[in-house]
1. Before we move on, is residue 90 out of contact with any helix residue (DSSP H, G or I) (no Cβ under 8 Å at 6 or more places or on another chain) and modelled with pLDDT of 95 or more?
2. Looking at residue 100 and the list (1) more than 28 Å from residue 14 (Cα to Cα); (2) surrounded by fewer than 24 Cβ atoms within 10 Å (Cβ to Cβ); (3) under 12 Å from the mean Cα position of the chain (by Cα), which single condition is not satisfied?
3. Every residue in segment 132-152 that is over 21 Å from residue 13 (Cα atoms) and assigned to a loop (DSSP other than H, G, I, E, B), please.
4. Using the structure shown, decide if residue 120 is crowded, with 24+ Cβ neighbours inside 10 Å, in a helix (DSSP H, G or I), touching a helix residue (DSSP H, G or I) at 6+ places or on another chain (Cβ under 9 Å) and at pLDDT 95 or above.
5. Taking segment 103-117, which residues are assigned to a helix (DSSP H, G or I) and crowded, with 24+ Cβ neighbours inside 10 Å?
6. When only residues in segment 30-45 that are in contact (Cβ under 8 Å) with a residue 60 or more places away in the chain and out of contact with any strand residue (DSSP E or B) (no Cβ under 7 Å at 6 or more places or on another chain) count, which is surrounded by the fewest Cβ atoms within 10 Å (Cβ to Cβ)?
7. Restricted to segment 144-157, and to residues that are over 17 Å from residue 181 (Cβ atoms) and surrounded by fewer than 24 Cβ atoms within 10 Å (Cβ to Cβ), which residue is farthest from the chain's Cα centre (by Cα)?
8. Give me a count of the residues in segment 1-42 that are in a strand (DSSP E or B) and either closer than 25 Å to residue 158 by Cβ or over 15 Å from the mean Cα position of the chain (by Cα) (or both).
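The values are calculated or read from the model by the stated rules, or taken from the named source; none is laboratory data. For clarity, every value in this text was computed on a predicted model and none was experimentally measured. Backbone-built Cβ (ideal geometry, glycine too); neighbour counts: all protein chains shown.
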C-alpha cells in the first residue's frame, strides 16, 4: 500500500481513499459519541452552520471546540462526553482541524475518520479495500501535529498487516504539543482525562466512515469483526 501523509492545505484534489486523523480530540470524541449511543455525526463547515442545523433540528446535539457557548450542548472533550447519554441522537460537530480535514476530502470514494481509539478497526477496513494508494490527512498544525502523524503512520503500518508495537507511536503522541496544551490547561473545554482517553489504542471495535448524504457530510460507525492481532506488547 502506497501511503501519503498530507496536511489539509497540501490537498490539491480529493484522493480515492482518505483517512482523516485527529487524535486530540475530534475523532476521539466522535468515537465516544457513537459509544454513547449517537446514531450519526454531521460535520459542520462553521459554527454558524452548526447553530443553523441545531435550530432546524432542535433534538440534535451541537458540539464544538473550546469553552461552552450559547446554542451548543457539548464541548469537544471525550472525558466530558463519556458521561452523556446520546442514545439515538444526531450530533453536529464543528472543530478546528478534524471536521475541516474531513470536509476537504468529501469527494473521495472512501473517507475514514480516525484516531488511536479506532486504529485497528480502521486498518482492518483498509485491508479489505483494493486501492493501492491511501492518503492520510494529518489535520493538526498544518500537517505537523505529531499525535496525528504518529497515529496515521501506525494505522498505515497495521493496514499492511505488519506486526507493529504501538508503544513508540503512543510515546510520540503523548509528547506532542497538543497533549501538553491539554494537560496544562492551555486549551479550554478540557477534562483531566482527555489526554489519557485519546491515547487508548483500539478502545472501540468500529471504524468511522464519512459520506455525503445530500449536502451534508455524515459520519457513521462501521463495525469491524474482532480479530486477534499482534501489535501491542
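1. On the way: out of contact with any helix residue (DSSP H, G or I) (no Cβ under 8 Å at 6 or more places or on another chain): yes; modelled with pLDDT of 95 or more: yes.
Yes: the conditions hold for residue 90.
2. It is condition (1) that residue 100 fails.
3. Of everything in segment 132-152, just one residue is over 21 Å from residue 13 (Cα atoms) and assigned to a loop (DSSP other than H, G, I, E, B), namely 145.
4. Details: crowded, with 24+ Cβ neighbours inside 10 Å: yes; in a helix (DSSP H, G or I): yes; touching a helix residue (DSSP H, G or I) at 6+ places or on another chain (Cβ under 9 Å): yes; at pLDDT 95 or above: yes.
For residue 120, the condition - crowded, with 24+ Cβ neighbours inside 10 Å, in a helix (DSSP H, G or I), touching a helix residue (DSSP H, G or I) at 6+ places or on another chain (Cβ under 9 Å) and at pLDDT 95 or above - is met.
5. Step one: list which residues in segment 103-117 are assigned to a helix (DSSP H, G or I), which gives 103-104, 116-117.
Within segment 103-117, 116, 117 meet the criteria.
6. If we take residues in segment 30-45 being in contact (Cβ under 8 Å) with a residue 60 or more places away in the chain and out of contact with any strand residue (DSSP E or B) (no Cβ under 7 Å at 6 or more places or on another chain), then 35 is surrounded by the fewest Cβ atoms within 10 Å (Cβ to Cβ).
7. Across segment 144-157, the extreme among qualifying residues is 157.
8. Filtering segment 1-42 down to residues in a strand (DSSP E or B) leaves 2-6, 17-21, 40-42.
Keeping just the survivors that are either closer than 25 Å to residue 158 by Cβ or over 15 Å from the mean Cα position of the chain (by Cα) (or both) gives 2-6, 17-21, 41.
The qualifying residues number 11.
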